[in-house]
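Throughout, read-outs are computed from the coordinates displayed, never taken from laboratory work. From a predicted model like this one, the values you see are computed outputs, not experimental measurements. When we count neighbours, we look across all protein chains shown, and the Cβ atoms used for this are built from the backbone with ideal geometry, even at glycine.
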Amino acid sequence: MTNIERNYKEIRERIVTAARRADRDPDCVRLVVVTKGQPLQAVEHVVAAGACCLGENYVEEALPKIQALAGNEIEWRMIGHVQSRKAREIVENFSGCDALDSLRLAIRLDRFAAQAGRRLPVLLECNVSGETSKFGFAAWDRNNWPGLATELAQVVELPNLQVRGLMTMPPVFDDPQRARPYFQCLRELQKYLGERLPQVNWSELSMGMSGDFEIAIQEGATLVRIGTAIMGPRN
Ligand SMILES: *Cc1c(COP(=O)(O)O)cnc(C)c1O
């Protein structure tokens, strides 16, 4: 067994344990293995270990991997910021976009999805920390949530997108407990949007990475995005 296969199995077990401890069904927490910055061979190892849901951040880097692994049933998720001019490539090559962060991008994805004859699953990335380095809809100030709901109402109306929930990246901390309030905030925002925009099924919460996924699972994550803890350091 390679290190990657071993890490993959160990992380799967930690996800199950964290879910049970939180009184949650482990099947309701899905693992997205983040393969950005990893060579094809490493990606092949994790697929051999059983990974079927992979996350990439950059279109150019992802396309050769997607082509090389085309024979496998892999769900490729775009988890990084997407420039609007890349919208077509997202629609044509990815299962969905987990980092939808502007109305402008939403409109373009919707247009290309219409052309491709598909309805693209998306998660709305929300910035709950206020860090200027982060992408995402501005969600750190609760006084602005009514305005945010008005903006998102335009996104959820787009007929060729299927909004499934929210995604966030908290600040990086040495102590993962400090990420907890940001996960809680995303969950509260999910509830708020569920009341304001009940026509949408907001069930997905993509939150938690290598250093803090167990906390995120306690706080309701349905998708965790894990890179280095499985794949090792990136190039
Ligand atoms: C790189 C990345 C991850 C994975 O981070 P690790 O700390 O390596 O687990 C998760 N989510 C996003 C959006 C990323 O860009």
Checklist entry - Out of region 160-235, which trypsin sites (Lys or Arg not before Pro) are coil in DSSP terms and have no more than 13 other C-beta atoms within 10 Å? => result Arg234
Checklist outcome for this item: Full extension between Arg20 and Ala149 adds, at 0.36 nm per residue less the Cα distance, a length in nm of 43.1 nm
Checklist outcome for this item: Here FRET efficiency (C-beta to C-beta, Asn235 to Arg196, R₀ 41 Å, nearest 0.05) is 0.45
Checklist outcome for this item: Sequence order, region 227-235: Karplus ³J(HN,Hα) from phi using 6.51 cos²θ - 1.76 cosθ + 1.60, θ = phi - 60°, Hz rounded, Gly and Pro as x, gives x, 4, 5, 9, 8, x, x, 8, 5
Checklist entry - Between Leu100 and residues 5 or more places away or on another chain, which pairs have amide H atoms under 5 Å apart, with H built 1.01 Å from N, and which residues are they? => result Leu123, Glu125
Next on the checklist: In whole Hz and in residue order, list the ³J(HN,Hα) couplings for region 68-84 that follow from phi through the Karplus curve 6.51 cos²θ - 1.76 cosθ + 1.60, θ = phi - 60°; x for Gly and Pro.
Outcome noted: 5, 9, 4, x, 9, 7, 10, 8, 9, 10, 7, 10, x, 4, 10, 6, 4
Next on the checklist: As an exercise, use a Förster radius of 22 Å and the Cβ-Cβ distance of Glu157 and Phe135 to find the FRET efficiency, rounded to the nearest 0.05.
Outcome noted: 0.50
Checklist entry - Where the centroid of each part is defined by its Cα atoms, how far is region 95-149 from region 170-229 in Å? => result 16
Checklist outcome for this item: Per-residue ellipticity at 222 nm attributable to helices in the chain (runs of n ≥ 4 DSSP H, -39500 (n - 2.57) apiece, nearest 500 deg cm²/dmol) works out to -12500 deg cm²/dmol
Next on the checklist: Quick check on the chain: what does the Kirkwood estimate of hydrodynamic radius come out to from the alpha carbon pairs, in Å?
Outcome noted: 18.0
Checklist entry - Nearest 20 debye, what's the magnitude of the dipole of region 63-204 about its Cα centre given +1 on Lys and Arg Cβ and -1 on Asp and Glu Cβ? => result 280
Checklist outcome for this item: With the 8 Å Cα cutoff and a minimum separation of six or more residues, region 3-231 has a relative contact order in percent of 21
Next on the checklist: So if each residue of separation counts as 0.36 nm, and I subtract the Cα-Cα distance between Asn3 and Glu89, what length gain in nm does that give?
Outcome noted: 27.7 nm
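Kirkwood-based Rg over Rh for region 1-89 (C-alpha set), two decimals?
Ratio of gyration radius to Kirkwood radius: 1.02.
With a/c under 1.5 counting as rounded, go ahead and sort region 134-235 into rounded, prolate or oblate using the C-alpha gyration tensor (a ≥ b ≥ c being the square roots of the eigenvalues; past the cut-off, prolate if a/b is larger than b/c, else oblate).
Taking the square roots of the gyration eigenvalues as a ≥ b ≥ c, region 134-235 is prolate.
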Item to check | Amide proton proximity set for Gly165, modelled H, under 5 Å, gap of 5+ | outcome: Leu124, Glu204
Checklist entry - Taking Lys86 as the anchor, which lysines have their alpha carbon closer than 29 Å to its alpha carbon, excluding any fewer than eight residues away along the same chain? => result Lys36, Lys65, Lys134
Item to check | For region 22-40 versus region 50-75, the gap between their alpha-carbon centres in whole angstrom | outcome: 14
Checklist outcome for this item: Exposed GluC sites (Glu not before Pro) being those in a DSSP loop with at most 14 other Cβ atoms within 10 Å, the longest stretch of the chain free of them is 158-235
